[in-house]
Amino acid sequence: TDCSTADTAILSTAGSSPLLRRQQWPEFFDIPSFSVDVEYRLRQGDLAFMKDGTHMTPSRDMKHDILEKLAETMYSFKAYPEDDDFSSVAETLISKHPGLTEPGPQPG
């Protein structure tokens with residue numbers, strides 16, 4: 001029976017480690033840094049938006065890179081984010097990179 005007790009202790013420790021790794025969801029979500037290429041393209045899009053209101057149209061690869069990095073960062077806080085969490089992150093992303101704003105009337 002010593003073996004089963006040792007096995008249980010190992011499983012319990014291994015099972016709890018992902019919970020220890022999680023941090024509390026932040027009051028203000030900090031948008032992570034993206035790759036140098038994505039950051040450059042975002043900066044160019046933001047400058048164009050501020051200059052003349054041009055909305056950027058990110059490529060499929062750029063969207064993938066942004067969403068992958070955001071998902072990775074969100075997962076460090078919650079394995080299963082809620083709708084409000086996604087909305088909060090989207091609003092923060094748009095406020096940091098206004099060039100990503102979609103054209104048309106914005107919900108208020």
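Using the Cβ-Cβ distance between residue 55 and residue 87 with R0 set to 25 Å, the FRET efficiency works out to roughly 0.80. In this simple spin-label model, placing a label point 7 Å from the Cα along the Cα-to-Cβ direction at both residue 73 and residue 33 gives a separation of 1.2 nm. Summed over the residues of the range 32-108 and divided among them, the accessible surface reaches 69 Å² per residue at a probe radius of 1.4 Å. On the beta carbon distance between residue 24 and residue 48, with R0 = 41 Å, the FRET formula returns roughly 0.65.
The values are calculated or read from the model by the stated rules, or taken from the named source; none is laboratory data. It should be emphasised that the depicted structure is a prediction, and the values quoted were computed from it without experimental measurement. Glycine gets a Cβ as well: all are built from the backbone with ideal geometry, and neighbour counts include every protein chain shown. When the accessible area is computed, the model is the full protein with side chains, heavy atoms only, and any ligands, DNA or RNA have been set aside. Shrake-Rupley method; radii C 1.70, N 1.55, O 1.52, S 1.80 Å.
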